[in-house]
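A.B. asks: Here's a structure for you.
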Amino acid sequence: MDRHDLSRAPELLHTARLTLHAPRPEFGPLFVESLNRSLPGLRYICWAQKARDANWGVDFMSKGRDYVAAGEDLIYCAFERQPAGSSALGAYVGRIDLHSWDFSVPRCEIGYVGDVLSAGRGLMREAALACVQLAFDLGAVRVQALSEAGNTRALHFAQHALGFTREGELRHYERDAQGRLGTQVMFAAIKAEAPPLKRAEPGLA
Ligand SMILES: CC(C)(COP(=O)(O)OP(=O)(O)OC[C@H]1O[C@@H](n2cnc3c(N)ncnc32)[C@H](O)[C@@H]1OP(=O)(O)O)[C@@H](O)C(=O)NCCC(=O)NCCS
């Protein structure tokens, strides 16, 4: 697996209730509206520490699009699915990214930031699980999630909504959004191993 596999990932993913789009500059204003109304719950997200304007959102989306084109990350913006035939975007639900790829394993880390207006409906779960499945379909054998020990909502989400396994704690692993050292909790999902090849038993054949 390498960067080319990421740059070949689909621009659109569909789930039962969502359409996930790769980033586009025109999503910037919607994204910023969501960010600004969700700020009180985003204190663990380093790029969400203050209100932003639409230009910042357009730039953020453009950079995201470039990372995806370069095969560095996979990023999706989730919108509620509209009836068949409609070209309108549904309500913005959140952003999922698959980042920090190590192609030698291959593995990646998942990140998620939801809109406060759609919280608690299982939509971010649906979006995140679709992205985990995509990572496995592209060849990843492990998708991990790192959350700060104090981010109780994210800890609960990783373990209970996504079904990831809690693997342990990393102390002073990285700085938080305020530049402080702390503890991160590691969760992961492992791609189910393929069944071993059947060998002919001795004496049979
Ligand atoms: C973590 C985060 C993405 C979770 O978002 P969310 O909107 O609460 O997520 P969901 O609604 O998909 O979560 C699943 C919950 O919905 C419930 N749910 C409701 N309807 C459901 C359905 N149809 N199917 C499945 N689950 C459903 C689940 O039971 C679960 O509830 P519980 O948390 O009470 O156990 C969100 O809190 C967030 O953006 N936090 C701030 C950013 C952040 O810190 N991100 C993590 C960085 S490490």
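Read-outs: derived from the displayed coordinates by stated rules, not from any lab. A quick note: this is a predicted structure, and the numbers were derived from the prediction, not measured. Here the Cβ is made from the backbone with ideal geometry for all residues, glycine too, and neighbour counts use every protein chain on show.
A.B. asks: Could you give the angle, 0 to 90 degrees to the nearest 10, between helix 54-69's Cα long axis and the longest principal axis of the Cα atoms of the chain?
C.D. replies: Result, in degrees: 20.
A.B. asks: Right, next: Would you mind pulling out the separation of the Cα centroids of the range 17-41 and the range 144-191, in Å?
C.D. replies: 23 Å
A.B. asks: To continue, here is another question. Evaluate the charge dipole of the range 3-190 about its Cα centre and quote only its size in Debye, nearest 20, assuming +1 on the Cβ of each Lys and Arg and -1 on the Cβ of each Asp and Glu.
C.D. replies: Result for the range 3-190 is approximately 360 debye, rounded to the nearest 20.
A.B. asks: Restricting to DSSP H runs of at least four residues, report the calculated mean residue ellipticity at 222 nm for the chain, -39500 (n - 2.57) per run over all residues, nearest 500 deg cm²/dmol.
C.D. replies: Counting only the DSSP helices, I get -7500 deg cm²/dmol.
A.B. asks: Say R0 is 25 Å: what FRET efficiency, to the nearest 0.05, do residue 3 and residue 62 get from their beta-carbon distance?
C.D. replies: It comes out at approximately 0.85.
A.B. asks: Let me ask something else about it. Dividing the convex hull volume of the alpha carbon atoms of the chain by its residue count, what do you get in Å³ per residue?
C.D. replies: 166 Å³
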